[in-house]
Amino acid sequence: MLLDKNGERFAQFYTENRTVVTLAQVAPVMRDAIVAIEDSRFYEHAGLDIKGTLRALITNTKAGEVRQGGSSLTQQLVKNILVENSESDTERAQARAPSVQRKITELRYALAMERKYSKAEILERYLNIAYFGAGAFGVEAAAQRFFSVPAARLTLPQAATLAGAVRTPYATDPSLDVRRRERLRERRDIVLDRMAQLSYVTPARAEAAKRRPLAIRLKPEPGGCEGSDYPYFCLYVHRELLTNPVFGPTRAERERRLARGGIVLRTTLAPKAQRAAQRAIAARVGRRDTEVAAEAMIQPGTGRIRAMAASKRYGSNAGNTKNGPDTTYNLAADMAHGGGQGFQAGSTFKVFTLATALAQGWRFDQGFMTPGSFVPDSGFVDCKGRKVNDPNAEIFNASGEGTGGPQSLSTGTWKSVNIFYMMLEQRVGLCPVVTTARALGIARADGTPLREVPTFTLGVNEMDPVTVAAAFAAFGARGRYCRPMAIAEIVERDGGRFKVPPSCARAIERDVADAVNHLLSGVFTKGTMTGQDIGRPAAGKTGTNNGYTSAWFAGYTPDLAAAVSVGDIRGSYRYPLTDVEIGGEYFGAVQGASLPGPIWVSSMSAALDGTRERGFHHPDMGRFGGGFTPGLEEALAREREEEGAEGTDADGRRGARGDRGRRFREEYRYRDGPGYRDGPGYREERRYRQERRYRGNDTHRRYRAPHWRDRPR
């Protein structure tokens, strides 16, 4: 059983979908059907039916298929018990092996069982242990799963259907496809014929039942993650329990611990944060969109995962199609926890270069002149000491960043300038940047080694929201990184309690984290998220990949961190986020600030509502303040002049375009309000963006982008 942090149940695991019932709770027609097809002399033999075995052999040989059972019900019960009690794959294989030794063992146990139990007791045990297919163990679970009725209310056609499924449960599984349903109907009719032959029913009644449709009414499997209100969190917990050595030295031991049943898992899930994430995503991304959004929320200083949400519902699509409203991937997590390969994290990775530079003594206003393009042909060495320069690559600034010029640590971060960060990474060292990222828990979603290449700082590695949120949470915790955790306590069936403590370590200096927080706070006031905020101190970084293959926003407060990713589930490279309609809204190109950013703002605002506001520690200005960038003051002055000129006419009055830009900036902060997209402010914003669309220069044309702000953000 899974409980949230408030002690409320939100999911229940089971190794097998089974509900044990007494024989009196099983319809008599079901008892007759299973005896008729599996062991017609059940009430006559003492565990071994030689006549029945020979008869089944002859019947099956003539038919060319298994039409009647050869082993007695008691032998089958013994076999199922041996399989159930197996503790390893080897033991299970031995319990199923078609060997003489196994048959002798089964017979010996069957004869002993016949001496100890009555026929009614043996039949009851068999009906409760048999597998019927579609994940249903036992007749009660099968009746509910196949027909949405209890076993006590099974009709003749329904009972014959279940009895027919026992012999070949996978080949007749109605949840898989139409072909198997047809096979199940054939098996049902065989059972009805056999029941008529043995006089359990009249031939007329059997024929009438055979004319009835199969009438399968599949009921969702109870428990498990698919039936949970928070399925992605549930899936993460399940995978964590099976893969983390904290819960057992081997996977086999962890599986046995889970299979024994009766344990209660107290998780770290916060329903308020979970609902906030789900609602923020659902308001902007549709379940049927091939573009998917996912978010993870983590508490800084503990690593406790508070929420995990995605735009698609967890489960299989009808017909097992890949694209639809559902998915079996945990989109917020890595592959080890049920996720996929993730999406490239884009400019969110610039934070690791920023932290490395600050740790090496760089100051906020320290910087250098940047060119209009950059070729990483020298100065890049990975952590194995290998040169990984790429003389064939050329990095361009987008038009929003200009064709080059002076940039400081502050302006380069707020504007998310690619070339500045490529050159900064070159100066502080690729390996130190990678080392910083690793210390903050960064690992690829697919589990393969990080790609240590010059464009590491531009986020070329595929990531998942849980990993990114945990890394950013470390800055909110002043440099203390905590491994993401979903299970806070295990209560054993005997009442024993095992608390799971946070697993944390110092990743970067407190002072360095304070300095990072200071600069990333400016992203909301002076940078790519200007006009969007959560009404309290926050820091963060946008991330948009080259070619708009994916978009991210990762941000945090001292109390909560979250990361949001957006990409196409069919493949980010084949299906970039350009000229797309998502959640009923058209996007010429999806950027970190245009979709992941608003999702983050809405979810964090709701999740933190009622939480006491806390700010970040002020940075040590004696260590990080000041610095000098040649030509930066003059460049900033020219920018201010150009912005002012753009909004005035020949007489110095504010012109329409400048006024519209001002209105856009003022109204942008309210874009998440009710009815905003139906109002004049949103239409004004769209017209303003369209007018500025092609303001780019040669860099823009070489980039071949559909929008003037074509750069990782």
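Amide hydrogen proximity for Cys383: with H placed 1.01 Å from N in the peptide plane, no residue at 5 or more positions away or on another chain lies under 5 Å. Taking amide H positions as modeled 1.01 Å from N, with prolines and chain starts lacking one, the residues under 5 Å from Ala488 and 5 or more places away or on another chain are Arg266, Thr267, Thr268. Computed from backbone phi, the HN-Hα couplings of the stretch 292-305 come to 10, 10, 9, 9, 10, 10, 9, 7, x, x, 10, x, 5, 6 Hz, rounded to whole numbers (Karplus: 6.51 cos²θ - 1.76 cosθ + 1.60, θ = phi - 60°; Gly and Pro given as x). Coupling constants for the stretch 17-22 follow from the phi torsions by the Karplus curve (6.51 cos²θ - 1.76 cosθ + 1.60, θ = phi - 60°), and in residue order they are 7, 9, 10, 6, 10, 7 Hz; glycine and proline get x. Packing, taken as the mean count of other beta carbons within 10 Å per residue, orders the peptides 472-483, 632-643, 164-175 from highest to lowest as 472-483, 164-175, 632-643. When the alpha-carbon atoms of the stretch 143-193 are used, the pair Rg, Dmax equals 10.2, 29 angstrom. Can you give the FRET efficiency to the nearest 0.05 for Glu121 and Ser503, using r as the Cβ-Cβ distance and R₀ = 60 Å? Rounded to the nearest 0.05, the efficiency is 0.75. Our note on the geometry: Cα centres of the stretch 11-25 and the stretch 150-187, 19 Å apart. Built from the Cα atoms of the stretch 368-467, the convex hull projects on average onto 6.8 nm², one quarter of its surface area. In this simple spin-label approximation, Glu634 and Lys526 carry label points 7 Å from Cα along the Cα→Cβ vector, and these lie 2.1 nm apart. Rounded to two decimals, the Cα radius of gyration of the stretch 123-235 over 2.2 N^0.38 Å is 1.13.
The mean sequence distance of close C-alpha pairs (under 8 Å, at least 6 residues apart), as a share of the length of the stretch 492-597, puts its relative contact order at 20 percent. In terms of the mean number of neighbouring beta-carbon atoms within 10 Å, the peptides 381-391, 586-596, 280-290 order highest first as 586-596, 280-290, 381-391. The value obtained for the stretch 299-395, namely the Cα convex hull volume divided by the number of residues, is 234 Å³ per residue. The H on the amide N of Gly405, modeled in the peptide plane, is under 5 Å from the matching H of Thr370, each at least 5 residues off or on a different chain.
Look at where the Cα atoms of the stretch 473-544 and of the stretch 376-449 average out, and the two centres are 23 Å apart. As a rough guide to protection, the peptides 196-209, 322-335, 349-362, 236-249 ranked by mean Cβ packing within 10 Å, highest first, stand as 349-362, 322-335, 236-249, 196-209. Across the stretch 513-522, computed HN-Hα scalar couplings (Karplus, 6.51 cos²θ - 1.76 cosθ + 1.60, θ = phi - 60°) run 4, 4, 5, 4, 4, 4, 6, 6, 5, x Hz from first to last residue, x flagging Gly and Pro.
Here, each number is a calculation from the coordinates, and none is a lab measurement. Here the structure is a predicted model, which means the values were calculated and not measured. Reconstructed Cβ throughout: ideal geometry from the backbone, glycine too, with neighbour counts over all protein chains shown.
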